[in-house]
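Beneath this line is the structure, given in structure tokens, with notes to follow.
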Amino acid sequence: MKTITITILLILLAITSAISQDLTGVWHGNAKTPDDKDILFVFLFEKNGDAYTSTMAIPTFNVDGIKPKTTSLKDGKLIIDASELGMKYEGIWNETTDLIEGTYNEGNVKLLLNLKKGNPKMPKINRPQEPVKPYPYYEEDVTFNNKEAGILLAGTLTRPSQKGTYPVVILISGSGRHDRNGSMMTHRPFLVLSDYLTRKNIAVLRYDDRGFGDSTGDFSKATTADFAEDVLSAVRYLKSRKDIDSKNIGLIGHSEGGIIAPLAANQTSDISFMITLAGTGIPGSEVSVMQSKSLRPFPVPDEATFEKNVRKSIEIASSDDEISKKRKELKAHNNTYLAPILKSLGASDKNISIFIKKETEGVLKPWNTYFLNYNPADEFEKLSIPVLSLNGSKDIQVNATVNQDAIQNALIKANNKNYKIVELENLNHLFQECTTGKMNEYKTIEQTLSPIALKEISKWILEIIRIN
């Protein structure tokens, strides 16, 4: 009798354990960054048979719809593998606390992240410019193929409700993974921009970056040139639609999107105009040098020496040498100049070693090496279509004066007869009216896009359409 009782108890415990380890549902957790900021992560786990799938969101940055490659739970160990996006989570289910205790890895960053079942309490964020459904225009979820790359791109097309043929713009996001709304820092600028333009009788196509949201492909292996191919796929798709005026297809690119746009436009005769928002006009190597100084989160004893060492890193990474040779040289160089700086900031030898290894690998990724060798001025010099270039005077990521001058000089070399260069006062990299222009200010600003910038964009497009 005692044996039977013990056996039944063990069975019940096993059943209870199996039930308690049912991952299905919403889980959330907060990770703290080295500079003491909180990042909220939310996961939705679904089960199909014995297999799990997950969808990930980072509300802190207004990012959602991330679909990791694999999700597994075995013997209490959870692994969420989104390595195609440069991310991974590993955790152990603690049945005492009912928490999944683990770490989140992305690039050079490793954060402690414990997950708790249930929905998080979300602070209310006021974004008054975001449209509220029902919209006074037609909206359609669409997909189109990049046949050369073998990927499917998913997005949203908006146009006026009335039947007809409409001019259209394709929105191209900046560096890093973005959904169709251009979500970043709790803002959705592409949603606001598409709403504004559609109300002005301009159709808009915006889409998830390859390998992100509902689009397929491997984002981690893609370069600026690959993203230009995705734009060309969008152009071919739009030409197939009866509600689109194929003689008035334009591109609007933000940040890196502003240098993807001319690269794409020069590969087809189907683009009739182009707008670059906070785009660069100087070589990627020079952009990297400038950003290494303007965005650097730590002090250095000697600026001139620091810049010299940054340039040396870029020289190694952008060379034509075999990657194994570049890796060896870059690691040695980073140990020579980066390690002492990190040591002076109190970093341990172990953490310095981990940082340098990840920094070395990051610089050698395909996107980075392509960007360092890419000079967008070469593409602007070939453009004969109308071009509008907008930058904000308080943009600390892309210096307005340096890059606007370079873009203008390139368009003059192109003998371009229809271009407009505008530096908008008091706007940051996201085209928000701001105080400092610093990145940590982006999400604290209620405004998503300055009405001044929106008006400048729409007015210019409508003038170009009338000319066409």
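The values are calculated or read from the model by the stated rules, or taken from the named source; none is laboratory data. Every value quoted in this text rests on a predicted model; they were computed, and no experiment measured them. Note that we place each Cβ from the backbone using ideal geometry, even for glycine, and neighbour counts take in every protein chain shown.
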Inset, instruction - Would you be able to say whether some residue in the stretch 379-386 is surrounded by 14 or more Cβ atoms within 10 Å (Cβ to Cβ), touching a helix residue (DSSP H, G or I) at 6+ places or on another chain (Cβ under 8 Å), farther than 23 Å from Ile464 by Cβ and not aliphatic (A, V, I, L, M)? - result: no
Legend entry - Selection count, the stretch 66-86, where residues are out of contact with any Lys or Arg (no Cβ under 9 Å at 6 or more places or on another chain) and of a type outside the set (D, E, K, R): 6
Legend entry - Which listed residue, of Asn409, Asn391, Asn415, is surrounded by 16 or more Cβ atoms within 10 Å (Cβ to Cβ), assigned by TED's automatic domain parsing to the domain that holds His254 and closer than 29 Å to Ser285 by Cβ: Asn391
Legend entry - Filter pass, Gly91 being touching a residue at least 12 places away in the same chain (Cβ under 8 Å), out of contact with any Pro (no Cβ under 9 Å at 6 or more places or on another chain) and either within 23 Å of Trp367 (Cβ to Cβ) or small (Gly, Ala, Ser) (or both): yes
Inset, instruction - Answer with yes or no whether Gly102 is more than 18 Å from the chain's Cα centre (by Cα) and buried (at least 20 other Cβ atoms within 10 Å of the Cβ). - result: yes
Inset, instruction - For the stretch 68-110, name all the residues that are out of contact with any helix residue (DSSP H, G or I) (no Cβ under 9 Å at 6 or more places or on another chain) and acidic (Asp, Glu). - result: Asp75, Asp81, Glu90, Glu101
Inset, instruction - Give the residues of the stretch 195-206 that are buried (at least 23 other Cβ atoms within 10 Å of the Cβ) and touching a residue at least 60 places away in the same chain (Cβ under 8 Å), sorted by residue number. - result: Leu197, Thr198, Ile202, Leu205
Legend entry - Within the stretch 344-365, tally of residues that are within 16 Å of Val300 (Cβ to Cβ) and surrounded by fewer than 13 Cβ atoms within 10 Å (Cβ to Cβ): 3
Inset, instruction - With respect to Ala304, determine if the residue is surrounded by fewer than 18 Cβ atoms within 10 Å (Cβ to Cβ), aliphatic (A, V, I, L, M) and over 24 Å from Ile465 (Cβ atoms). - result: yes
Inset, instruction - Run Lys247 past the list (1) surrounded by fewer than 21 Cβ atoms within 10 Å (Cβ to Cβ); (2) outside the structural domain of Asp208 (by TED's automatic domain parsing) and report the number of the one that doesn't hold. - result: (2)
Inset, instruction - Output the residue which, of all residues in the stretch 442-468 that are in contact with a strand residue (DSSP E or B) (Cβ under 9 Å, 6 or more places away or on another chain) and of a type in the set (Ser, Thr, Tyr), is farthest from Phe190 (Cα to Cα). - result: Tyr442
Inset, instruction - Report yes if Leu232 is of a type outside the set (D, E, K, R), out of contact with any strand residue (DSSP E or B) (no Cβ under 9 Å at 6 or more places or on another chain), modelled with pLDDT of 95 or more and closer than 21 Å to Phe371 by Cβ, otherwise no. - result: no
Legend entry - Set Glu423, Glu446: member being surrounded by fewer than 16 Cβ atoms within 10 Å (Cβ to Cβ), closer than 26 Å to Ser285 by Cβ and in contact (Cβ under 8 Å) with a residue 24 or more places away in the chain: Glu423
Legend entry - Hits in the stretch 63-72 - residues which are crowded, with 20+ Cβ neighbours inside 10 Å and not β-branched (Val, Ile, Thr): Pro68
Inset, instruction - Report, ordered by the first and then the second residue, all pairs with beta carbons closer than 8 Å, sequence separation of six or more or different chains, a first member in the stretch 119-139 that is polar (S, T, N, Q), and a second member that is part of a loop (DSSP other than H, G, I, E, B). - result: Asn126/Glu446; Gln129/Gln447; Gln129/Thr448; Gln129/Leu449
Inset, instruction - Go through the residues of the stretch 162-182 one by one and say whether even a single one is at pLDDT below 95, surrounded by fewer than 22 Cβ atoms within 10 Å (Cβ to Cβ) and β-branched (Val, Ile, Thr). - result: no
Inset, instruction - Report whether or not Thr186 is surrounded by fewer than 23 Cβ atoms within 10 Å (Cβ to Cβ), touching a residue at least 12 places away in the same chain (Cβ under 8 Å) and either over 26 Å from Leu364 (Cα atoms) or within 12 Å of the chain's Cα centre (by Cα) (or both). - result: yes
Legend entry - Flag for Asn399 being over 30 Å from Ala332 (Cα atoms), exposed (fewer than 15 other Cβ atoms within 10 Å of the Cβ) and of a type in the set (S, T, N, Q): no
Inset, instruction - Filter the strands (runs of 3 or more DSSP E) completely within the stretch 87-162 down to those with at least 1 residues that are out of contact with any Asp or Glu (no Cβ under 9 Å at 6 or more places or on another chain), assigned by TED's automatic domain parsing to the domain that holds Lys239 and of a type in the set (A, V, I, L, M, F, W, C). - result: 138-146
